[in-house]
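Single-structure report; data block below.
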Amino acid sequence: MSLTKREKPVYSLRPENRFKLDAQFVRDYVGAQPAWGYGLLSYVTFKRTYARRVTKEEIMQQARLYLGTDLDPQNIHQTTEEYWQTCVRVVEGVSSILKQHVRDTGQPWRDEEEQHHAQEMFRRMWAFKFTPPGRGMWGMGTEALELKGSAILNNCGFVSTERLAENFSEPFCTLMDYSMLGVGMGFDLLGAGQVWLRQAARSEETFVVSDTREGWIDAVRTLLNAYVGQGALPHRWDFSKIRKEGLPLKTFGGTASGPSPLIKLVEKLQELCERYVDRFVDGTFITDVMNLIGVCVVAGNVRRSSEIALGSPEDTAFLALKNNDALNALFGQQYATAAANPEWSALEKKVQKIRASLAGLSVLDEKYAQIQAKIDKLTKTQNAILIQLPEWRDRQAEINAHPLMTHRWASNNTVMCELRRTDYAAIMEHTLRNGEPGYAWPQVFKQFGRLADPANNKDKKAKGFNPCGEQTLHDQELCCLVETYPTKHESLDDFLMTLKYAYRYAKAVTLIPTHNPKTNAVMVRNRRIGTSMAGIAEMYSKMGLSECIHWWDLGYRTIQHWDEEYSAWLGVNLSIKTTSIKPGGTTPLLVGVEGGLKLPTSQYYMRTIRIDHISPLIKALQDAGYRVERDRTTPRTMVVYFPCKAPDGVRLATETTVWEQAAIFTALQRHWSDNMVSATLTFQAHEAKDLARLVQAYEGQWKCVSFLPLSTHGFLQAPYTPCTKEQYEEARAKLAPVTFDGLTVGHDTEDKFCSGGICEVGVK
């Protein structure tokens, strides 16, 4: 890590503590590529998502350090990291953090011993036996980490509104703060009924919003506080200091959105608060404020923003937040208006006739695309007719203004159930109709770690959990996850050794403060981490549940051993909890496994990824025979299709009942995860009637669960598009080696795109 900015850092790593891998060791990896799990798909995902920009000067320095040679800047075309460089950055970052902490606490430190550990950690990252989470792969060992603190490495967080009356704006601003740093946030509705909103006073001042994260948050704080008598609304908001749309974001990369998302947020929040003047805030208000903030973050910060709202199963308004009956009624009225127009109806008959010809065709067929193009052309003409109809426009305006369209999509909603008291059948009606809520049991996640162990009440102060439901969390607590891949190991002993280095990564992250003192106080006390596993479906299919349980149980005990050893050495608390199962995100794409508990829906499929239309990757992929087309909904984005095959023998979602999934999920919660297991159980239509009975049967053995209808249908440009073996082989037969600025990637007859899993990298 090198600090070049004048901004005061949250975490200062001193020069004498900057650990370096042995140059002779790194030399063996320079110019090499790992055995990417999905071949070129994995490599492109890495370059698009995790590879940081590198300068010519940095490449020249690395060449001198590792190869002992000078390079001509004119011949350097590389602009982003290769995987070996990412591994070096991550490993050196972890070792540097450990080194500084250990030396500061007066514990013994030996560089030669750490060199051994660092090299082993590198090898296991390189072999895809474990990886940091995507945030860690992108942020560990960087200047941004020192500037912003560990919030950029932590995956998830939670904020409670339980004390809303004490500081009305704080929970909302805390969620906004962490969301703008890319942290997925959960929140509860415990503040409902605590705060009475009053008409805001008005000042004669102009509020000038600064071009910083803090500036955006201050605007929201000022607005919310004005409605509880703390300060006043400004006479005018001045957003002119916010950098214009398209300008670069230096610390985090990407480009600025301009002030528009914040302007909309301020307008929407003020409208909402005005509706609640002379009323107590309720759960709907809390959810709407959090959701509006989430929408702003997504639009304004070029960040993924995920939220989960935790409410009561007895709160009928909360249960109805995702109810789409009114929205569907508007769509019905709009359709009736359209159908009454003769010109539109005549075109609709043509559309339906053409659409009927799609029956039996795969979405991957060229003929399907041609037919769909005709439909799109007719639909465009239909829309031009409709926009002229006043009644249709009125309905469209109502649809656009509906909360489900404007902001309530921004959170998953889950009910906090009570054992032996919750009516699951009544709630399941909402779940089956709207897809939500999910289900959680505070009594279980507060009292228990693993369900195989006695109650320990370690998490009695926990208030909730993160959006994907894998981490129990206290108010304002963040948590770092780390991913392991059991099926990439040759033996149980090999897997247990990997757990040591995965644990090391996550524990090191707990040593770095955030910019928030309240968060730091919780995290220093809890030292919570989440060591996860991916590829569970493949592991289960290959080993059987009994052997899986053996691995999981020994794995958990191994992590506890290392936590005792390292916590004593570091002079910090034992981690309150250490294991979880997360959904996986895109990091499993690098490795070639499904994330978390996910079951593949087809033996053969096309995996699509989206890339900016100006990326140099696009032409290279087109030239190599990959299917590339413009995104149907985002014109500046291109969609690339990669033919993929699930491992032989792995259980498919269509073959696995919801009851069998529940058995695997329960075993993971019992024998592996002391935090939580992120579980979205898929069900087929005939199983819907069993779901309430399923929840009742496993009550007390789960901490959180959600349900999703199983869909095996192909949709245009879907992330996973099922295909036949023939379509898979035909697509692969068209592929040629791909060249990216000195990197040539080929493919072989197996489900890889790198020849033998190895690619050679040269510098032109």
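Computed over the chain, the per-residue total of -39500 (n - 2.57) for DSSP H runs of n ≥ 4 gives a 222 nm mean residue ellipticity of -13000 deg cm²/dmol, rounded to 500. Reported value for the range 101-241: 168 Å³ per residue, from the convex hull of its C-alpha atoms.
Amide H to amide H, with H built 1.01 Å from N, C479 comes under 5 Å of N155, C156, counting only residues 5 or more places away or on other chains.
For the range 336-476, the fraction of C-alpha pairs more than 23 angstrom apart is 64%.
Taking 7 Å steps out from each Cα toward its Cβ at L361 and A317 produces label points 5.0 nm apart. Here, the range 636-737 yields an orientationally averaged convex hull projection of 10.2 nm² when only Cα atoms define the hull.
Each label point was placed 7 Å from the Cα along the Cα-to-Cβ direction; for R236 and A733 their separation is 6.9 nm. If you take the Cα centroid of the range 378-439 and the Cα centroid of the range 175-209, the two points sit 24 Å apart.
Here the Karplus relation 6.51 cos²θ - 1.76 cosθ + 1.60, evaluated at θ = phi - 60°, turns the backbone of the range 51-58 into coupling constants of 6, 7, 5, 10, 8, 4, 4, 5 Hz, with x for every Gly and Pro. Annotation: amide H of I308 within the under-5 Å range of M185, G186, F187, N412, sequence separation 5 or more or interchain, hydrogens built in the peptide plane. Comparing the range 572-656 with the 2.2 N^0.38 Å rule of thumb, its C-alpha radius of gyration ratio is 1.47 (two decimals). Using a 7 Å offset from Cα along Cα-Cβ at A425, what residues in the range 695-735 end up with backbone N under 15 Å from the label point? The answer is 695-697, whose backbone nitrogens lie closer than 15 Å to the label point.
Eigenvalues of the alpha-carbon gyration tensor of the range 1-130, scaled by 5 and square-rooted, set the equivalent ellipsoid semi-axes at 26, 19, 16 angstrom, largest first.
At what distance in angstrom do the alpha carbon centres of the range 663-727 and the range 71-96 lie from each other? A separation of 39 Å, based on Cα centres.
With N the number of residues in the range 492-643, Rg(Cα) / (2.2 N^0.38 Å) evaluates to 1.39. Highest average first, the peptides 131-137, 556-562, 347-353, 30-36 ordered by how many other beta carbon atoms sit within 10 Å of their residues are 131-137, 30-36, 556-562, 347-353. Backbone geometry of the range 214-230 corresponds, through the Karplus equation with coefficients 6.51, -1.76 and 1.60 at θ = phi - 60°, to 3J(HN,Hα) couplings of 4, x, 5, 5, 4, 5, 5, 4, 4, 5, 5, 5, 4, 8, 10, x, 10 Hz, x marking Gly and Pro. Counting only Cα atoms, the range 325-405 measures 37, 29, 17 Å along its principal axes, largest extent leading. Phi angles of the range 374-388 translate, via the Karplus equation with coefficients 6.51, -1.76, 1.60 and θ = phi - 60°, into HN-Hα couplings of 5, 4, 4, 5, 5, 4, 4, 5, 4, 5, 5, 6, 4, 5, 8 Hz per residue; Gly and Pro are given as x. Around the amide H of T579, modelled in the peptide plane, lie the amide H atoms of T531, D674, N675, all under 5 Å away and 5 or more residues distant in sequence or on another chain. At an R0 of 35 angstrom, the distance between the Cβ atoms of D325 and Q370 translates into a FRET efficiency of 0.40.
Its alpha carbons considered, the chain gives a radius of gyration followed by a Dmax of 26.6, 84 Å. Most tightly packed first, judged by the mean number of other beta-carbon atoms within 10 Å of their residues, the peptides 163-176, 64-77 read 163-176, 64-77.
Residue separation of T381 and R52 scaled by 0.36 nm, minus their Cα-Cα distance, works out to 114.0 nm of gained length.
Since every read-out is calculated from the coordinates, none of them should be taken as a lab result. Bear in mind that the values here come from a model prediction, so they are computed numbers and not experimental data. Cβ coordinates were reconstructed from backbone atoms using ideal geometry, including for glycine residues, and neighbour counts include every protein chain displayed.
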